[in-house]
Amino acid sequence: MYGLLGLLTACKGVPAIEPLAYVVPCEAEGAAGFMLHSDSTSLTSWLQARQAVLAKPVDFQREVVLIADFGEQPNPAWSIALGDIPVRLDGSTARVEVSLKPPPAGRRVIQQLSHPCAVYRLERSAYRRIELVDGERSLASFELD
């Protein structure tokens, strides 16, 4: 259900995470932002504002949806990626590693502003808090109901 990445994280006793969409047109909001959707109403509203659709449905009884949005970038070659160990559990906190990746050095790119974001499905587990991190830097944290 969660692919190889989800299987590997689940085997380590941590919640599975899976990308649902990438480069959703986040420009609808302009500024960068990180979001948690724990119900279909909030996610549907967010997707409709961007005229976007997810390829797979989300079961909110078992999953939450995280949005990683690093804001406007100088060209479309910038990307968003999960860390090598995408999810770590620390007590009641699930730490999700996500980062903005520049284009490879020397790569020729067009100069056109872009606004990438990534949408991830995260399996619900015993954690009560989710923290999005980029290395040691905290990007956002969310308390679950």
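The values are calculated or read from the model by the stated rules, or taken from the named source; none is laboratory data. Given the structure is predicted, the values throughout are model-derived calculations rather than measurements. Glycine gets a Cβ as well: all are built from the backbone with ideal geometry, and neighbour counts include every protein chain shown.
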Worksheet item: Residues of the range 102-134 being within 23 Å of residue 37 (Cα to Cα), small (Gly, Ala, Ser) and surrounded by fewer than 14 Cβ atoms within 10 Å (Cβ to Cβ), which ones?
Response: 126
Worksheet entry | Failed item, numbered, when residue 83 is tested on (1) of a type outside the set (A, V, I, L, M, F, W, C); (2) at pLDDT below 90; (3) out of contact with any Pro (no Cβ under 8 Å at 6 or more places or on another chain) | (2)
Worksheet item: How many residues does the range 43-71 hold that are part of a helix (DSSP H, G or I) and exposed (fewer than 15 other Cβ atoms within 10 Å of the Cβ)?
Response: 4
Practice prompt. Being within 24 Å of residue 15 (Cα to Cα) and either out of contact with any strand residue (DSSP E or B) (no Cβ under 6 Å at 6 or more places or on another chain) or in a strand (DSSP E or B) (or both) narrows it down to one of 87, 109, so name that one.
Written response: 87
Discussion item. Here is a list: 72, 63. Which entry is in contact with an Asp or Glu (Cβ under 7 Å, 6 or more places away or on another chain) and not basic (Lys, Arg)?
Written reply: 63
Worksheet item: Which one is modelled with the lowest pLDDT, of the residues in the range 112-131 that are of a type in the set (A, V, I, L, M) and part of a loop (DSSP other than H, G, I, E, B)?
Response: 113
Fill in: Scan of the range 15-42 for residues that are at pLDDT below 80 and either surrounded by 12 or more Cβ atoms within 10 Å (Cβ to Cβ) or among the hydrophobic types (A, V, I, L, M, F, W, C) (or both), ordered by number
21, 22, 23, 24, 25, 26, 27, 28, 29, 31, 32
Fill in: In the range 136-145, the residues that are free of Cβ contacts under 8 Å to residues at least 40 places away in the same chain and either under 11 Å from the mean Cα position of the chain (by Cα) or not in a strand (DSSP E or B) (or both)
136
